[in-house]
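Peer 1: Dumping the structure here so I can ask a few things about it.
The values are calculated or read from the model by the stated rules, or taken from the named source; none is laboratory data. Since the model is a prediction, treat every value here as computed from it, not as a measurement. Here Cβ is always computed from backbone atoms with ideal geometry, including for glycine, and neighbour counts include all displayed protein chains. For the accessible areas, the whole protein counts, side chains as well, though only heavy atoms, and no ligand, DNA or RNA atoms are used. Shrake-Rupley method; radii C 1.70, N 1.55, O 1.52, S 1.80 Å.
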Amino acid sequence: MIDYPLQSIIIAMDKKDLPQVFRILQEMKSQWQDETLASREKDPFRILIGCILSLRTKDSITKKVANHLFSIAKTPAEILAIPQEKLAEIIYPVGFYRQKAKNLREIAQILLERYQGKVPDNLEQLLELPGVGRKTANLVVTVGFGKAGICVDTHVHRIVNRWGLVNTKTPEKTEEALRKELPQKYWIPINNLLVLWGQNICLPRVPRCSICQIQPFCEQKGVEKLQ
Ligand code: SF4
């Protein structure tokens, strides 16, 4: 581990660097095991439910629990048929499983009452569902429906700020800034690519800058220790 308090030259990532940066991200992706929801699921309902289960929960646990739940209930009507206590037992040990069980049943009811059991394909209607924030809504829109959106989770927020591509304090502000700065062809792939990058290279606490191929383009903003 290297103490890295100062940089002699500050380089903020520029839009013109993006094609090369995304090429590197794409090439490196194949080296790693991809357990993300976006790589496993394409059906909007499964993405919606999977993303809610995944909040504050490891990918490996989410995957196991989601598969277990879908082996019992595959549709809104089947989820609604499960009593809340029983549903909480089924989705344990995901984080906040009691609250999530309540939200899942309410979502199932809304989908049946307002949308004929289908998942809506736009952000505004998705954001009205209980427990659904911008990250979940954007993942459903982009991966489930292939429509324009940017799913900003903790990895995307951290990494694009370290790059110096944006200068924001919250994932919501990062999404807003990326919608202005990022060419639309990168909107859908950025989430999956940066989740994998964040799990393997640009780690949350001590990023692996010494082996990072993006380092020549990166401001390394806020990085105090690296390996
Ligand atoms: S690992 Fe370091 S150099 Fe690479 S993207 Fe993250 S902060 Fe930048």
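Peer 1: List, please: which pairs have Cβ atoms under 7 Å, are six or more places apart or on different chains, and start with a residue in region 179-206 that is assigned by TED's automatic domain parsing to the domain that holds Trp163 and in contact (Cβ under 8 Å) with a residue 12 or more places away in the chain and end with one that is within 16 Å of the ligand (Cβ to nearest atom) and among the aromatic types (Phe, Trp, Tyr)?
Peer 2: Tyr186/Phe22; Leu196/Trp32; Asn200/Trp32
Peer 1: Still on this model: Hey, any hits in region 127-142 for a residue that's in the same structural domain as Gln20 (by TED's automatic domain parsing), surrounded by 15 or more Cβ atoms within 10 Å (Cβ to Cβ) and in a loop (DSSP other than H, G, I, E, B)?
Peer 2: Checking region 127-142: not a single residue is in the same structural domain as Gln20 (by TED's automatic domain parsing), surrounded by 15 or more Cβ atoms within 10 Å (Cβ to Cβ) and in a loop (DSSP other than H, G, I, E, B).
Peer 1: Among the candidates Ile82, Ile11, Ile47, single out the residue that is assigned to a helix (DSSP H, G or I) and aliphatic (A, V, I, L, M). Outline the logic, then answer.
Peer 2: Values: Ile82 fails: assigned to a helix (DSSP H, G or I); Ile11 fails: assigned to a helix (DSSP H, G or I).
Exactly one of Ile82, Ile11, Ile47 is assigned to a helix (DSSP H, G or I) and aliphatic (A, V, I, L, M), namely Ile47.
Peer 1: Let me ask you something else. For region 138-157, does any single residue satisfy the condition of being touching a residue at least 60 places away in the same chain (Cβ under 8 Å), small (Gly, Ala, Ser) and away from the ligand (no atom under 16 Å from the Cβ)?
Peer 2: yes
Peer 1: A further question on this structure: Residues that are surrounded by 18 or more Cβ atoms within 10 Å (Cβ to Cβ), more than 16 Å from the ligand (Cβ to nearest atom) and under 19 Å from Lys42 (Cβ atoms): does region 173-181 have at least one?
Peer 2: no
Peer 1: Right, another one. Do we find a residue being in contact with a helix residue (DSSP H, G or I) (Cβ under 8 Å, 6 or more places away or on another chain), outside any helix (DSSP H, G or I) and among the basic types (Lys, Arg) anywhere in region 112-120?
Peer 2: yes
Peer 1: Mind checking which residues of region 68-79 are free of Cβ contacts under 8 Å to residues at least 40 places away in the same chain and buried (at least 18 other Cβ atoms within 10 Å of the Cβ)?
Peer 2: Passing the criteria: Leu69, Phe70, Ala73, Ile79.
Peer 1: Can Arg162 be described as open to solvent by 20 Å² or more (accessible area, probe 1.4 Å), of a type outside the set (A, V, I, L, M, F, W, C), within 10 Å of the ligand (Cβ to nearest atom) and touching a residue at least 40 places away in the same chain (Cβ under 8 Å)?
Peer 2: For Arg162, the condition - open to solvent by 20 Å² or more (accessible area, probe 1.4 Å), of a type outside the set (A, V, I, L, M, F, W, C), within 10 Å of the ligand (Cβ to nearest atom) and touching a residue at least 40 places away in the same chain (Cβ under 8 Å) - is met.
Peer 1: Every residue in region 15-48 that is loosely packed, with under 12 Cβ neighbours inside 10 Å and acidic (Asp, Glu), please.
Peer 2: Correct list: Glu27 only.
Peer 1: Continuing with this model, one more query. Taking the options Lys169, Lys225, name whichever one is of a type in the set (Lys, Arg), open to solvent by 70 Å² or more (accessible area, probe 1.4 Å) and away from the ligand (no atom under 13 Å from the Cβ).
Peer 2: Lys169
Peer 1: In region 106-119, which residues are touching a residue at least 24 places away in the same chain (Cβ under 8 Å) and open to solvent by less than 60 Å² (accessible area, probe 1.4 Å)?
Peer 2: Result: Ile107, Ala108, Leu111, Gly117, Val119.
Peer 1: When you go through Lys58, Lys86 one by one, which is the residue that is of a type outside the set (Gly, Ala, Ser) and either under 21 Å from Glu128 (Cα atoms) or at pLDDT below 95 (or both)?
Peer 2: The unique qualifying residue is Lys58.
Peer 1: Here is a further query. Would you mind telling me which numbered condition in (1) surrounded by 17 or more Cβ atoms within 10 Å (Cβ to Cβ); (2) more than 22 Å from Val141 (Cα to Cα); (3) under 17 Å from the mean Cα position of the chain (by Cα) Leu193 fails?
Peer 2: (2)
Peer 1: Being charged (D, E, K, R) and crowded, with 17+ Cβ neighbours inside 10 Å is the filter here; which residues of region 197-220 pass it?
Peer 2: Passing the criteria: only Glu219.
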